[in-house]
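Enquirer: Take this structure first; my questions come after.
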Amino acid sequence: MEVGDRPRVGIHEMLFLTGQYFHAIDAKSRLTIPAKLRDAINRKEETYRFYAVPLFDKVLYLYTPQTYEQIAPQFEPKLDASADVRDFKRLRFGLAEQLEIDRLGRVLIPDSMARRCGLTKDVAIIGVQDHIEVWDRARWEDHMSQQLDRQEELAARAIGLQDGSKEPEAPKTD
């Protein structure tokens, strides 16, 4: 590997995005994606754009095209008879938009997505393994302060789910 080269992200490898960054959405609804996150995406293998999806917890998720295709749920056509499957697909794919990254590392956040996710001017941009999350900054800070107090419990539950065992019950409070 030459000096300055980044490790390549192959089609079967997942991105590894980390960190929290605080930025502002400008008056033209543009958000600068932090350079450390942009640099983690190999531009030779990934198109320089994101799929933006307002998903869980009223958070805006940003996926590279390859990652979005890899993690997109695949449902058998026969499952389209289920209203839940149809509604989930409508939310997951119907609300998704492609966002181009300009030469300055900015993406245009559509007003409809900003409203759905409660984004104000000040946002937190979070690297979460294979995707980026965009949170309203005040909401992120509140959420994190609550979750830090539960870190051990969250770890036990997450590891239990990963191992395929039954999810541990929440501790009982008197």
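Enquirer: Filter segment 94-115 for residues that are within 17 Å of ASP57 (Cα to Cα), within 16 Å of the chain's Cα centre (by Cα) and surrounded by fewer than 16 Cβ atoms within 10 Å (Cβ to Cβ) and give the result. Spell out the reasoning first.
Expert: If we filter segment 94-115 for residues that are within 17 Å of ASP57 (Cα to Cα), which is where we start, we get 95-96, 112-115.
From the residues that got through so far, the ones that are within 16 Å of the chain's Cα centre (by Cα) too are 95-96, 113-114.
Passing the criteria: only LEU95.
Enquirer: Return the only residue of ILE125, ILE132 being closer than 12 Å to LEU60 by Cα and either among the charged types (D, E, K, R) or in contact with a His (Cβ under 7 Å, 6 or more places away or on another chain) (or both).
Expert: Numbers: ILE132 fails: either among the charged types (D, E, K, R) or in contact with a His (Cβ under 7 Å, 6 or more places away or on another chain) (or both).
Matching residue, one of ILE125, ILE132: ILE125.
Enquirer: Still on this structure, I have one more. Only one of LEU99, LEU119 is in contact with a strand residue (DSSP E or B) (Cβ under 7 Å, 6 or more places away or on another chain) and touching a residue at least 60 places away in the same chain (Cβ under 8 Å). Can you tell me which?
Expert: On the way: LEU99 fails: touching a residue at least 60 places away in the same chain (Cβ under 8 Å).
Exactly one of LEU99, LEU119 is in contact with a strand residue (DSSP E or B) (Cβ under 7 Å, 6 or more places away or on another chain) and touching a residue at least 60 places away in the same chain (Cβ under 8 Å), namely LEU119.
Enquirer: Let me confirm something: among ALA114, ALA124, which residue is modelled with pLDDT of 90 or more, on the phi < 0 side of the Ramachandran plot and part of a helix (DSSP H, G or I)?
Expert: Values: ALA124 fails: part of a helix (DSSP H, G or I).
Going through ALA114, ALA124 in turn, the sole match is ALA114.
Enquirer: Let me ask something additional. Check whether at least one residue in segment 78-101 is part of a helix (DSSP H, G or I) and touching a Lys or Arg at 6+ places or on another chain (Cβ under 7 Å), and report yes or no.
Expert: Going through segment 78-101, the residues part of a helix (DSSP H, G or I) turn out to be 78-81, 83-94.
Still in the list and also touching a Lys or Arg at 6+ places or on another chain (Cβ under 7 Å): 80.
The answer is yes, given that some residue of segment 78-101 is part of a helix (DSSP H, G or I) and touching a Lys or Arg at 6+ places or on another chain (Cβ under 7 Å).
Enquirer: Residue pairs, Cβ under 6 Å, 6 or more apart or interchain, first in segment 60-83 and under 17 Å from ILE126 (Cα atoms), second at pLDDT below 75 and of a type in the set (Asp, Glu). List them.
Expert: THR64/GLU46
Enquirer: Quick one: in segment 42-77, which of the residues that are in a loop (DSSP other than H, G, I, E, B) and either in contact with a strand residue (DSSP E or B) (Cβ under 8 Å, 6 or more places away or on another chain) or at pLDDT 85 or above (or both) is nearest to PHE22 (Cα to Cα)? It would help to see each step written out before you state the result.
Expert: Looking only at segment 42-77, we keep the residues that are in a loop (DSSP other than H, G, I, E, B), and these are 42-48, 55, 59, 64, 72-76.
In the following step, the residues that additionally are either in contact with a strand residue (DSSP E or B) (Cβ under 8 Å, 6 or more places away or on another chain) or at pLDDT 85 or above (or both) were identified as 48, 55, 59, 64.
On the way: TYR48: 22, LEU55: 20, VAL59: 15, THR64: 21 Å.
This residue is VAL59.
Enquirer: With respect to TRP135, is the statement that it is touching a residue at least 60 places away in the same chain (Cβ under 8 Å) and assigned to a helix (DSSP H, G or I) true?
Expert: Numbers: touching a residue at least 60 places away in the same chain (Cβ under 8 Å): yes; assigned to a helix (DSSP H, G or I): no.
No, not satisfied.
Enquirer: Right, another one. Name the residues in segment 47-83 that are crowded, with 21+ Cβ neighbours inside 10 Å and touching a Cys at 6+ places or on another chain (Cβ under 7 Å), would you?
Expert: Selection gives PRO54, VAL59, LEU60.
The values are calculated or read from the model by the stated rules, or taken from the named source; none is laboratory data. Remember, predicted model here, so these are calculated numbers, not experimental data. When we count neighbours, we look across all protein chains shown, and the Cβ atoms used for this are built from the backbone with ideal geometry, even at glycine.
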